[in-house]
């Protein structure tokens, strides 16, 4: 779990405990009214947890359009300020952060394992300069990468040997699109 998720779960837990203590204190006065309030607060709390649990899926909502023979995908900025999207890599869903500063598609070791790459057999002979210093990389070829029913085959990527919080969608893939545009918190990819 990331620090943001832990802090949000902790906040919701503290919020729930405060509500429970308040309800318990009220229960000393009127039991039936307290039961009604407890049910209402339980439903509110469950709804908050459901929204929290689904937020990552809600924020990855893609817009897809096709006209004049061109396909376009729009990605809204996430609440973390990044453009996050979920792509199908070799038929496995993988979460990416769009990173125009990355030269390639960069897979974390855990994502590479999930899509069927044998990490132990990779030759980490490449080098990449990152904000955290130089890391070793291994060049691979992805059988397929799909976003909103648009499929590319035999796509070059690298697996990062260092610690990586997630996978990065770099320019090696983004350049396959004819036009990349960011306006009003929306990233548009068109080809």
- From the Cα centre of the range 108-129 to that of the range 159-176, the distance in Å is 11 Å
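Using only C-alpha atoms and all pairs of different ones, pull out the Kirkwood radius for the range 108-191 in Å with one decimal.
Working: mean 1/r = 0.0694 Å⁻¹.
One decimal place: 14.4 Å for the Kirkwood radius.
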- Checking rank on 159-165, 38-44, with mean other Cβ inside 10 Å and highest first, the result is 159-165, 38-44
- Message: Between residue 124 and residue 150, what's the calculated FRET efficiency when r is the beta-carbon distance and R0 is 25 Å? Round to 0.05.
- Response: 0.25
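Determine the gain in length on full extension of the stretch residue 90-residue 70; use 0.36 nm per residue of separation and subtract their C-alpha separation, reporting nm with one decimal.
On the way: separation 20, 0.36 × 20 = 7.20 nm, distance 2.41 nm.
In short, 4.8 nm is gained.
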- Query: On the first, second and third principal axes, largest extent first, how far apart are the outermost C-alpha atoms of the range 77-149 in Å?
  - Reply: 34, 30, 17
- Task: Residues in the range 149-191, backbone N under 18 Å from the label point at residue 110 (7 Å along the Cα-to-beta-carbon vector): list them, ranges by number please.
- Result: 159-169
- Query: Zone of residue 182 (label point 7 Å along Cα→Cβ, backbone N under 20 Å): which residues in the range 131-163?
  - Reply: 131-132
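Sorting check: for 176-185, 113-122, 73-82, which peptide has the highest mean count of neighbouring beta carbons within 10 Å, and how do the rest follow?
On the way: 176-185: 11.6, 113-122: 13.2, 73-82: 15.5.
Per-residue mean Cβ counts within 10 Å order the peptides as 73-82, 113-122, 176-185.
The numbers here are math on the coordinates, done by the rules we state, and not lab data. Remember, it's a predicted structure, so these values are computed and weren't measured experimentally. A quick note on method: Cβ atoms are made from the backbone with ideal geometry, for glycine too, and the neighbour counts reach across all protein chains shown.
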